[in-house]
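> Here you go, one structure.
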Amino acid sequence: MENNDLIKDIKTNVNEYIANIKENIDDKKALVITHGCQMNEHDSEKITWLLEKMGYSFVNEIEEADFIIVNTCSVRHSAEDKVYGQLGNLKNLKNRKKNLKIAVCGCMMQRKESRDYVIEKFPNVDIIFGTNNIWKLPELIYSSYNGKKLSIDIEDNPVSIDDELGANRLYSFKSYVNIMYGCNNFCSYCIVPYTRGRETSRRPGEILREIENLAKNGTKEVTLLGQNVNSYGKNFENGYAFYNLLEEINEIKGIERIRFMTSHPKDISDELIYSFKNLDKLSNFLHLPVQAGSSRVLKLMNRKYTKEDYLRKIDKIKSVNPDIALSTDLMVGFPGETEEDFADTLDLAKKVEYDTSFTFIYSIRENTPAANRPDQVPDKVKHERFERLLDVLYPIQEKKNKAFIDKTVDVLVEDVSKKDNENVSGRTDEFKLVNFKGSKDDIGKILKVKINNANSFSLAGEKIES
Ligand code: SAH
Ligand code: SF4
Ligand code: F3S
């Protein structure tokens, strides 16, 4: 592996800073606040791993923390506003608690505009770093404790190193694994290519080693992360593709379910579609974001497929695996979207019949191509279309969920209700949320549950004693 020496150097550097900093950290308490997607959730797991190595313990309340890290998201305006609000509150806390240290990291910090705004408006922030250099955190904390007013480090492109360090996984039985970083698609509305850098795939050997170790430590379900997993391997010379990786992971002992997020419709290959039939551990669920139903809008979005292309792929997927659960991302109010375009989105949603959906109102992201279009859709129209879209999606979801009534499903139990400790929740292979009576001892087990009720968002049932 060509970057072996680099990894060794970086590990040594991290360990040295951790050793140097331990005294300063003595008995300090940290809190990591995470915004955004699974990538950020997993990055926060790496951050907490580093913090624990440095000697931090963790708290849930901001008032109890000595160090607060806000891991930010830039994908919509509202996500950024939330962070600014939070930083405003922390300003007051820091006025009362002088020793409090505050770090801001994640996608917002990769954008110069947001970073400069934070530096100007929130001078109480001590540390800033980006999405591509989490491993720098010990060094940044070190310089902060050694008098530096603002310790800051941003790296534009991904270096496959943070995954070589470690992660404090939120769950022991289900784990996120990065298989690639960045995005090269430049959809005209999207900020992610500017916050996560260019697409790079991790080597299969590194990924398989990580998953084998996770399996040995109790992971049953693995979710492979990437902005566009279908283009996994494009930077390799030997033609190794995403479905090859899936085949190898399918052989790992102890792994029972494989999921991935996200695949781009333009790149979904026949081999991948057949994997849903051929690989027994690949979950019966595909998230295939369509964004819009109008081919004209899809072109303006730079999505590189038409409504017909997408529907053809869906037909093929359904013919290979009739039971597959489908999910999508949909956006309303892209600049220039007409009533006719929107009707195409409603039509597509009716034809596909999604099991779940994530719906968004288009939000202007500065310096993306769509932001400068003169034909922005008025807010009132966007909100009205959003409601009409939900009115189509939710009854279909309810119908699909109700079809599970009287069936017995395998549920990987994830959480116990904090309110009563008597109800648990988990996911079926199709990623359907199921609630049923149980106890905290069920967490991490795959149990048989008979479904007796369902609505648009979840199923309910009873555990079948075995
Ligand atoms: N890589 C993933 C998506 C990452 S962002 C993919 O291509 O599917 C998650 C979702 O946020 C996108 O699918 C899109 O629906 C939504 N989104 C991205 N930019 C947006 C914007 N400017 N306004 C509203 N929603 C947006
Ligand atoms: Fe954004 Fe498009 Fe890349 Fe997804 S594929 S992250 S929507 S640019
Ligand atoms: Fe994810 Fe938000 Fe960044 S969606 S990749 S955390 S901009």
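The values are calculated or read from the model by the stated rules, or taken from the named source; none is laboratory data. These numbers come from a predicted model, not from an experiment. We place every Cβ from the backbone using ideal geometry, glycine too, and count neighbours over all the protein chains shown. Keep in mind that these areas ignore ligands, DNA and RNA; they rest on the heavy atoms of the full protein, side chains included. Shrake-Rupley method; radii C 1.70, N 1.55, O 1.52, S 1.80 Å.
> Identify, among T356, N168, F334, the residue whose Cα sits farthest towards the positive end of the charge dipole of the stretch 161-402, taking +1 on the Cβ of Lys and Arg and -1 on the Cβ of Asp and Glu, with the dipole about the Cα centre.
About the Cα centre, the residue reaching furthest to the positive side is N168.
> Given the convex hull of the Cα atoms of the stretch 161-402, what is a quarter of its surface area in nm²? Intermediate results must be reported in sequence, preceding the final value.
Numbers: hull surface 55.1 nm².
Average of the hull's projected areas for the stretch 161-402 equals 13.8 nm².
> OK, next. If I take R0 = 22 Å and measure r between the Cβ atoms of K450 and A403 in this structure, what FRET efficiency does the formula 1/(1 + (r/R0)^6) give, to the nearest 0.05?
It comes to 0.95.
> If you keep only loop residues by DSSP, which GluC sites (Glu not before Pro) in the stretch 7-96 have at most 16 other Cβ atoms within 10 Å of their Cβ?
Answer in residue order: E61.
> If you average 1/r across every pair of different Cα atoms in the chain and take the reciprocal, what Kirkwood value do you get, in Å?
This gives a value of 23.8 Å.
> Is the stretch 3-153 best put as rounded, prolate or oblate by its Cα gyration tensor, with a ≥ b ≥ c the root eigenvalues, rounded for a/c under 1.5, and otherwise prolate when a/b is larger than b/c, oblate when not?
On the way: a/c = 1.61, a/b = 1.20, b/c = 1.34.
In terms of gyration-tensor shape, oblate.
> Rounded to the nearest 20 debye, what is the charge dipole size of the chain about its Cα centre when +1 sits on each Lys and Arg Cβ and -1 on each Asp and Glu Cβ?
Values: 69 positive and 74 negative charges, 112 e Å.
Charge dipole, the chain, about its Cα centre: 540 debye, nearest 20.
> Would you mind calculating the gained length between K350 and K316 on full extension (0.36 nm times residue separation, minus the Cα-Cα distance), in nm to one decimal? Walk me through the numbers before you get to the answer.
Values: separation 34, 0.36 × 34 = 12.24 nm, distance 1.71 nm.
Result: 10.5 nm gained on full extension.
> 7 Å from Cα along Cα→Cβ at both E237 and E387: what's the point-to-point distance in nm?
6.0
> Sticking with this one: Computing the accessible area with a 1.4 Å probe over protein heavy atoms, can you report the carbon and sulfur percentage for the stretch 161-402?
Looking at the stretch 161-402 in its full context, I get 50 percent from C and S.
> At R203 and S417, where each label point lies 7 Å from the Cα along Cα→Cβ, what is the point-to-point distance in nanometres?
5.0
> Next question. What stretch of the chain, leaving out the sites themselves, is the longest with no chymotrypsin sites (Phe, Trp or Tyr not before Pro) in a DSSP loop having at most 14 other Cβ atoms within 10 Å?
With a cap of 14 other Cβ atoms within 10 Å, the longest stretch comes to 237-456.
> About the Cα centre of the stretch 408-463, what is the dipole size in debye to 20, counting +1 per Lys and Arg Cβ and -1 per Asp and Glu Cβ, all else neutral?
Approximately 80 debye in magnitude.
> Using a 4.7 Å cut-off between beta carbons, which cysteines in the chain end up with no partner cysteine at all?
Among the cysteines of the chain, those whose Cβ sits 4.7 Å or more from every other are C37, C73, C105, C107, C183.
> Assuming a viscosity of 1.567 mPa s and a temperature of 4 °C, what translational diffusion coefficient in µm² per second does Stokes-Einstein assign to the stretch 356-446, Rh being the Kirkwood radius over Cα pairs?
This corresponds to a translational diffusion coefficient of 78 µm²/s.
> Here's another thing I want to ask about it. Could you estimate the translational diffusion coefficient of the stretch 408-463 from the Stokes-Einstein equation, with Rh from the Kirkwood formula over C-alpha pairs, at 10 °C and 1.306 mPa s, in whole µm²/s?
Stokes-Einstein gives a translational diffusion coefficient of 148 µm²/s.
> Taking +1 at the Cβ of each Lys and Arg and -1 at the Cβ of each Asp and Glu, which of S231, F260, S458 sits farthest along the dipole of the chain towards its positive end, judged by Cα position relative to the Cα centre?
Positive-most Cα among the choices belongs to S458.
> Where nothing but the Cβ of Lys and Arg (+1) and of Asp and Glu (-1) is charged, how large is the charge dipole of the stretch 125-186 around its Cα centre, in debye to the nearest 20? Display every interim value, and only then the final one.
Details: 5 positive and 8 negative charges, 49 e Å.
Taking the Cα centre of the stretch 125-186 as origin, the dipole is about 240 debye.
> Sticking with this one: Restrict the search to the stretch 376-466; then list the GluC sites (Glu not before Pro) that DSSP places in a loop and that have at most 12 other Cβ atoms within 10 Å of their Cβ. Display every interim value, and only then the final one.
Details: sites: E384, E387, E398, E414, E422, E430, E462, E465; in loops: E422, E430, E465.
Those that pass, being in a loop and sparsely packed, are E422, E465.
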